[in-house]
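What follows is calculated from the coordinates using simple rules that are stated; it is not laboratory data. Being a predicted model, the structure only gives us computed values, none of them experimental. Glycine also receives a Cβ, built like all others from the backbone with ideal geometry; neighbour counts cover every protein chain displayed.
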Amino acid sequence: MQIFVNPDYKFVKHRWKGIAISMIFVIAGIAAYFANGINWGIDFAGGAAITLKFRDAVPLTELRRDLPDATIQQYGKAEERNIYIRLPEQKRESDYAGQVVGQLHERLNPGQTGKHDLNYDGRDKLASLLKQNDPDNRGTNPQAIQHYDDLSKKIIDQRSKVGIFTSMQQVTSTEGVSANAARLLNEKTYLGRFNPLSQENVGPQVGAELQRKALFAIILSSLAMGLYIWFRFRDFTFGMGAVACIVHDVAISLAFMLIMKLEFSLNIVAALLTIVGYSINDTVVMYDRVRENRRKIKKGLSLAEHLDLAINQTLSRTILTSGSVFLVLVALIAFGGDVIRGFAWILMIGVISGTYSTLMIVPAVALAFDRWTSKTTTAAPARIEPQRSETPARKRKAS
């Protein structure tokens with residue numbers, strides 16, 4: 001599919017405008033870094049992350065009173081009553097999240113000692129309650145044990161399906177719950193105020209190690225891509241242009257993350273590594289077209305003219321590829337949910353910056369290095385060979 005027919009846009013001529021836009025954006029990101037720092041995710045900063053689903057209105061006042069050092073925010077839609085709690089890093093390894101959730105359970109559900117919370121307890125505790133009381137008169141044989149294990153699993157699966165039990169009717173209407181079992185559940189259990197959807201702990205040592213590994217992964221992948229281009233096209237100028245393209249796209253994406261205060265998590269690292277691979281793809285295609293044109297076109301063209309020609313020849317492909325990816329990322333941002341939204345945002349900014357870096361940033365760097373290497377070669381003193389005395393040619397005798 002051809003969008004542009006014989007385009008002749010002078011992208012190289014306007015390369016400094018692209019560099020100026022990028023510099024402004026990166027400086028804004030640096031300013032955001034000094035103003036707010038990096039919003040490290042739980043994977044890198046350590047600490048604990050908890051997601052709770054509440055049966056009724058979320059008791060934000062009580063949560064902030066009980067967890068003064070925590071970051072508490074809504075997770076998902078307001079009507080879902082989900083809360084995300086971010087707890088600061090602890091200096092020692094422990095089940096920090098489990099301890100905090102246990103404390104919240106006791107404080108938010110007073111006066112329920114001795115009863116099982118069907119919104120909090122897991123399958124094993126519920127199965128133990130059923131086996132001890134044997135409401136269906138199954139005895140203690142293996143078949144009876146299996147029966148109550150299966151029944152407790154069905155009840156917990158029902159809780160996962162609805163998110164949280166809001167009435168005992170939801171429990172007793174579960175398939176397999178007999179009248180006697182329903183009576184037991186009404187007497188020995190209750191519906192607590194929240195259901196812990198997820199708990200995550202990351203120790204301080206693990207977080208610091210992940211920070212180092214993420215940094216090394218991004219740097220090494222960028223250098224590896226630059227070396228590949230260098231060896232692939234046997235041109236140091238092209239290799240440096242490729243590395244500059246990758247560094248530019250990653251820097252723009254990080255600046256956007258800092259400005260928008262997005263959480264730096266493993267999803268963001270995955271997005272940055274994806275950008276490294278994606279942005280270099282368009283650059284490789286453009287470089288390959290430059291190499292082909294140098295072989296086919298007999299008249300001498302400068303590197304700037306070759307770059308302009310190659311960019312115009314691949315422009316339709318660039319727009320179609322980036323446009324398709326852009327539409328997918330818009331759908332992810334709109335419908336993907338909170339878990340994947342940061343990943344989609346970073347990837348979208350990387351696609352946009354990768355597109356215009358191929359059009360403006362790569363040519364600027366390639367031309368700058370080409371001129372620098374040309375000046376270096378010209379400035380190098382020529383090697384003076386010592387003059388050799390010529391031996392006079394021997395005269396031929398006339399026959």
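For the stretch 47-201, the Cα gyration tensor yields ellipsoid semi-axes of 32, 17, 13 Å (square root of five times each eigenvalue, largest first, whole Å). Could you give log10 I(q)/I(0) at q = 0.06 Å⁻¹ for the chain, computed by the Debye formula over C-alpha point scatterers of equal weight, without solvent? Relative scattering, expressed as log10 I(q)/I(0), comes to -0.44. Candidates 87, 139, 182 compared by Cα position along the dipole of the stretch 47-201: farthest toward the positive end lies 182, with charges placed on Cβ. By the beta-carbon count within 10 Å of each Cβ, the least crowded to most crowded order of 61, 189, 174, fewest first, is 61, 174, 189. Placing R0 at 45 angstrom, the Cβ-Cβ distance between residue 270 and residue 178 gives a FRET efficiency of 0.40 after rounding to 0.05. Summary of the geometry: the stretch 150-212 and the stretch 277-294, compared by the centres of their Cα atoms, lie 54 Å apart. In the chain, Cα pairs under 8 Å separated by at least six residues give a relative contact order of 25 percent. The angle between the Cα long axis of helix 315-335 and the longest principal axis of the Cα atoms of the chain comes to about 10 degrees, rounded to the nearest 10. Considering only 373, 237, 274, the Gaussian network model of the chain with Cα springs below 10 Å gives its largest mean-square fluctuation to 373. Highest-first packing order for the peptide set 221-231, 141-151 is 221-231, 141-151, based on the mean count of other beta carbon atoms within 10 Å. Between the Cα long axis of helix 96-108 and the first principal axis of the chain there is an angle of about 40°, rounded to the nearest 10. Sequence-distant contacts, meaning Cα pairs under 8 Å at least 6 residues apart, place the relative contact order of the stretch 1-131 at 20 percent.
Here's the picture: charge each Lys and Arg Cβ at +1 and each Asp and Glu Cβ at -1 in the chain, and of 7, 215, 351 the one pushed furthest to the positive end of that dipole is 7. In the stretch 47-201, Cα pairs under 8 Å separated by at least six residues give a relative contact order of 38 percent. Note on the chain: with charges restricted to the Cβ of Lys and Arg (+1) and Asp and Glu (-1), its dipole about the Cα centre is near 2700 debye. Principal-axis analysis of the Cα atoms of the chain puts helix 15-36 at an angle of about 40° to the longest axis. Per-residue Cβ neighbour counts within 10 Å put 345, 16 in the sequence 16, 345, beginning with the fewest. As a ratio to 2.2 N^0.38 Å, the alpha-carbon radius of gyration computed for the stretch 234-343 takes the value 1.32.
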